[in-house]
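Below: the structure, in structure tokens.
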Amino acid sequence: MRDRYDVAIVGYGPVGQTLAILLGQRGWRVGVFEKQPAAYPLPRAVHFDHEVGRILQAAGIADGLAGMTEAADVYEWRNAAGETLLRFESRAAGTSGWPEANMFAQPELERLLDARARSLPTVEVHRGNEVIGIDATDRTVRLDVATMDGRRLSVQAGYVVGCDGANSFVRPHLGATVTDLGFFFDWLIVDILPHEPKVWSPLNIQICDPARPTTLVSGGRGRRRWEFMRLPGESLEELNRAETAWRLLAPWDVTPTNATLERHTVYRFQARWVDTWRKGRLLLAGDAAHQMPPFAGQGMCSGLRDAANLAWKMDLVLAERAPVALLDTYARERISHVRAIIDFSMELGRVICIADPAEAAARDSVMVAAAREGHQTTPPPAPSIGPGVLLAGDPLAGQLFVQGRVRVGGVTGLFDDLVGRGWTLVSPLADPARGLEPAAAAFFSRLGGLSARVAADAPVEDLDGTYGRWFEKAGVAVALQRPDFHVFGTAADVTGATALVESLRRALACEDRPMDRSRARALAREAIGRGDALAWFEVLYREAEAGTTVVPWADLVPNPHLVAWLDAHPDVGGRALDVGTGFGDNAEELARRGFAVVAFDVAGTAVARARERFPGSPVRYAVADLLEPPAEWRAAFDLVAETYTLQVLPPRERGLAVQALRTFVAPGGTLLVIARGREPADPEGAMPWPLTRGEVEAIAGDGLTLTGLEDFVDDEEPPVRRLRATFRRR
């Protein structure tokens, strides 16, 4: 065991294994600490998708996977009568060059990953060594490790990543709060080894029978899994018995004479994520950061996406080719993606987790008809990652890029295996790197960037037309792919490759956010000087849509300080008004919690974008001026949520806005204000202008009483003082 590692990973499931491999392949000294002396021998996860197939390919285990996975072509949902409610068909070659649905046994996958990790000279795996203490400073992290033979060791690491599961030891050291959606269902998981091969059609099926909601899926080659929902009034003890498992398996003619019961256990399906994924030199990944119901088969997949996203960023930071702030984009990019997957998993869960016959009949009447009309046969497109290292304003940025079969020098294979992986410029017209200006070419070379023309008549031959179809549909000439296979950005012609690379250089240097705040400040100064203090919001949002800047406060996730307040006040409900809604994330969070929401912004472009992002949303979005609000909003809302709006208004307009906010609150209603804070003697500085406690307290009046004022420092870097105030109308 070394005294110091570049990265220490706590936990050695598939996420910790994959992260160790991806970092070890880049040459970093990685120490993995796992308290269990041996791998868990029984099945758990059973599915990964095409994107994760490509990640595992990058980890060097593609050949081993070929003999242990089973591609699934159909995932069907039926009611008790056998009628189809949902039917998802999966392609044999998905976007990433792998089958869209791959069934496997987790112990077999872990054996492959373990062998690969141990083959890397800079990776050390320490099983039976438990991390029992963490002391993080701004320079290093010290781990206290208890060994199997009773010794206590002290180990230093540049960074520590907690991949230690839902009961993470690392997570409390981040002081992280958890957003829990309250989606709790207990299911009996039964894994079977049939004695004789049998063809199951469809391979994967959900039986949405209120008498006993049931899942039947492949558990990998030669295995089957059943999952049975716990019914109301049923005890866990009775459910989690071998006799119960065999009784529930009997309708499928699965008995002790023709099958072996490999495992039975009860799991509680949950939907939650951690609000802070990084604090200084401590980070989280996998189940330590999020959990989701299994109905979309995305739990382990999401963890491996975490590893792929984090590995290349840690590589650049450790090599001092990017600032530490690059690691902040990890959570920003991943949280919104994870939330979308959790939401989809819960929607599927709401289809099957119904034990009431009347409720199931109502569901069936709608879904059977929709399925017959072909409306329930296509899974939703994969969500893009959140804001981060992406070309602002490019609608393709954040989407997965394709991997297809190619031929290079007479050898046929997948693109990554023959051309390489990492930062990659791709075009069907010409080799984009040949036209790079010298400075951009030098930067791209330092990154280890690759470039290729891929076409039917190119040195990299597009065998199946994968790349030709993608570029034709996208309507672009160049794509720049990130090391985690997402699109950084595109260019309309090959000459745009230099601008793409220069944009990447700025993004990796984390120059975007200060530059963007400067633009917002300049627009605000100009508008205030003209006597129209609100005009600049629309200009800023229009420029962001055009890709020339971004909105500095638009993180595309709900404000964490609003979320924390809502968690602490579950009794508040009714009609809510979201003030300055922007792109709608706060409004959608309020709606998800049961509020009837009206959300408005003075910028029509922002409102239009919110409607596009959330089609079919129950939120009523409106373009309105806070200083001249609609008369019907007077005393109309049980909760008025004002987040960061007052702090971007000059004094006169701020006073008018406060008067308007008071009028919106219904009798017995609440006004919530969240803003930056400062001391009275401190300079206001540049926009956003922090408020003093006295200024916040003065919002009370016209029947509103201050009932709570929290003054705290958040966990941003650098930390920001915040004031969160609650007012009630008598």
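The values are calculated or read from the model by the stated rules, or taken from the named source; none is laboratory data. Since this is a predicted model, take the numbers as computed values, not measurements. Backbone-built Cβ (ideal geometry, glycine too); neighbour counts: all protein chains shown.
Counting only residues that are within 20 Å of the chain's Cα centre (by Cα) and of a type in the set (S, T, N, Q), how many does region 18-36 have? Before the answer, list the steps.
Pass one, region 18-36, residues within 20 Å of the chain's Cα centre (by Cα): 18-19, 22.
Remaining after also requiring of a type in the set (S, T, N, Q): 18.
Final tally of qualifying residues: 1.
So, of the residues in region 525-545 that are assigned to a helix (DSSP H, G or I) and among the aliphatic types (A, V, I, L, M), which turns out to be farthest from GLU653 (Cα to Cα)? Among those residues, the one meeting the criterion is ALA544.
The set of residues in region 678-724 that are closer than 23 Å to PHE664 by Cα, touching a residue at least 40 places away in the same chain (Cβ under 8 Å) and loosely packed, with under 13 Cβ neighbours inside 10 Å contains only ASP702. Listed by position, the strands (runs of 3 or more DSSP E) contained in region 409-457 that have at least 3 residues being over 21 Å from ASP315 (Cβ atoms) are 411-414, 450-455. Could you tell me which of the residues ARG263, ARG225, ARG247, ARG221 is over 20 Å from CYS353 (Cα atoms), in a strand (DSSP E or B) and of a type outside the set (Ser, Thr, Tyr)? Only one candidate qualifies: ARG263. Taking region 408-420 as the range and being surrounded by fewer than 19 Cβ atoms within 10 Å (Cβ to Cβ) and of a type in the set (D, E, K, R) as the test, only ASP417 passes. Restricting attention to region 677-695, which residues are hydrophobic (A, V, I, L, M, F, W, C) and either farther than 26 Å from ALA533 by Cβ or touching a Lys or Arg at 6+ places or on another chain (Cβ under 9 Å) (or both)? Passing the criteria: ALA686, MET687, TRP689, LEU691.
Yes or no, residue by residue, for (1) outside any strand (DSSP E or B); (2) out of contact with any Lys or Arg (no Cβ under 6 Å at 6 or more places or on another chain); (3) over 16 Å from THR18 (Cβ atoms); (4) among the charged types (D, E, K, R):
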position: ALA38; (1), (2), (3), (4): yes, yes, yes, no
position: ILE55; (1), (2), (3), (4): yes, yes, no, no
position: TRP77; (1), (2), (3), (4): no, yes, yes, no
position: GLY82; (1), (2), (3), (4): yes, yes, yes, no
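For region 365-376, the criterion of a residue being closer than 20 Å to GLN298 by Cα and over 18 Å from the mean Cα position of the chain (by Cα) is satisfied by at least one position. Count of region 142-164 residues, restricted to those that are surrounded by fewer than 19 Cβ atoms within 10 Å (Cβ to Cβ) and either more than 19 Å from GLY128 (Cβ to Cβ) or out of contact with any Ser or Thr (no Cβ under 7 Å at 6 or more places or on another chain) (or both), is 11.
Each row is one residue, and each column tells you yes or no for (1) farther than 19 Å from TYR541 by Cα; (2) of a type in the set (Ser, Thr, Tyr); (3) part of a loop (DSSP other than H, G, I, E, B).
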residue	(1), (2), (3)
GLY573	yes, no, yes
ALA576	yes, no, no
GLU588	yes, no, no
PHE600	no, no, no
ALA608	no, no, no
GLU612	no, no, no
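Among the residues of region 663-677, those identified as at negative phi and surrounded by fewer than 20 Cβ atoms within 10 Å (Cβ to Cβ) are THR663, ALA666, PRO667, ARG676. If you go through region 282-300 and pick out every residue that is hydrophobic (A, V, I, L, M, F, W, C) and either in a helix (DSSP H, G or I) or over 13 Å from the mean Cα position of the chain (by Cα) (or both), you end up with 6.
Residue pairs whose Cβ atoms lie under 9 Å apart, separated by 6 or more positions or on different chains, with the first residue in region 610-622 and in the same structural domain as ALA591 (by TED's automatic domain parsing) and the second at pLDDT below 85 and in a loop (DSSP other than H, G, I, E, B), are ARG613/LEU556; TYR621/PHE614.
LYS279 meets the stated requirement of being among the basic types (Lys, Arg), at pLDDT below 95, surrounded by fewer than 22 Cβ atoms within 10 Å (Cβ to Cβ) and assigned by TED's automatic domain parsing to the domain that holds ALA136. A count restricted to region 482-505 and to residues that are basic (Lys, Arg) and under 15 Å from TRP312 (Cβ atoms) stands at 1. When ASP394 is tested against (1) of a type in the set (Asp, Glu); (2) without any contact (Cβ under 8 Å) to a residue 24 or more places away in the chain; (3) under 20 Å from THR329 (Cα atoms), only condition (2) is not met.
Among the residues of region 458-472, the ones that are β-branched (Val, Ile, Thr) and in a helix (DSSP H, G or I) come to 1 in all. Every condition in (1) under 30 Å from PHE344 (Cβ atoms); (2) over 26 Å from the mean Cα position of the chain (by Cα); (3) modelled with pLDDT of 95 or more is met by LEU193 except one, and the failing one is (1). Looking at this structure, is LEU418 modelled with pLDDT of 95 or more and touching a strand residue (DSSP E or B) at 6+ places or on another chain (Cβ under 9 Å)? So LEU418 passes the test. Quick one: in region 165-199, which of the residues that are charged (D, E, K, R) and surrounded by 21 or more Cβ atoms within 10 Å (Cβ to Cβ) is farthest from ASP315 (Cα to Cα)? Restricting to residues being charged (D, E, K, R) and surrounded by 21 or more Cβ atoms within 10 Å (Cβ to Cβ), the top hit is ASP191. Say whether the condition of being surrounded by 23 or more Cβ atoms within 10 Å (Cβ to Cβ) and modelled with pLDDT under 90 is met by at least one residue in region 492-505. For region 492-505, residues surrounded by 23 or more Cβ atoms within 10 Å (Cβ to Cβ) and modelled with pLDDT under 90: absent.
So is THR95 within 23 Å of the chain's Cα centre (by Cα), crowded, with 19+ Cβ neighbours inside 10 Å, of a type in the set (Val, Ile, Thr) and more than 29 Å from SER168 (Cβ to Cβ) or not?
Working: within 23 Å of the chain's Cα centre (by Cα): yes; crowded, with 19+ Cβ neighbours inside 10 Å: yes; of a type in the set (Val, Ile, Thr): yes; more than 29 Å from SER168 (Cβ to Cβ): yes.
So THR95 fits the description; yes.
Against the list (1) buried (at least 19 other Cβ atoms within 10 Å of the Cβ); (2) over 22 Å from VAL487 (Cα atoms), the condition SER365 fails is (1).
Can you confirm whether PRO432 is surrounded by fewer than 20 Cβ atoms within 10 Å (Cβ to Cβ) and not small (Gly, Ala, Ser)? For PRO432, the condition - surrounded by fewer than 20 Cβ atoms within 10 Å (Cβ to Cβ) and not small (Gly, Ala, Ser) - is not met. When region 268-312 is filtered for residues that are basic (Lys, Arg) and under 17 Å from ALA59 (Cβ atoms), only ARG305 remains. When LEU304, LEU310 are screened for being in contact (Cβ under 8 Å) with a residue 40 or more places away in the chain, more than 20 Å from THR424 (Cα to Cα) and buried (at least 20 other Cβ atoms within 10 Å of the Cβ), only LEU304 passes.
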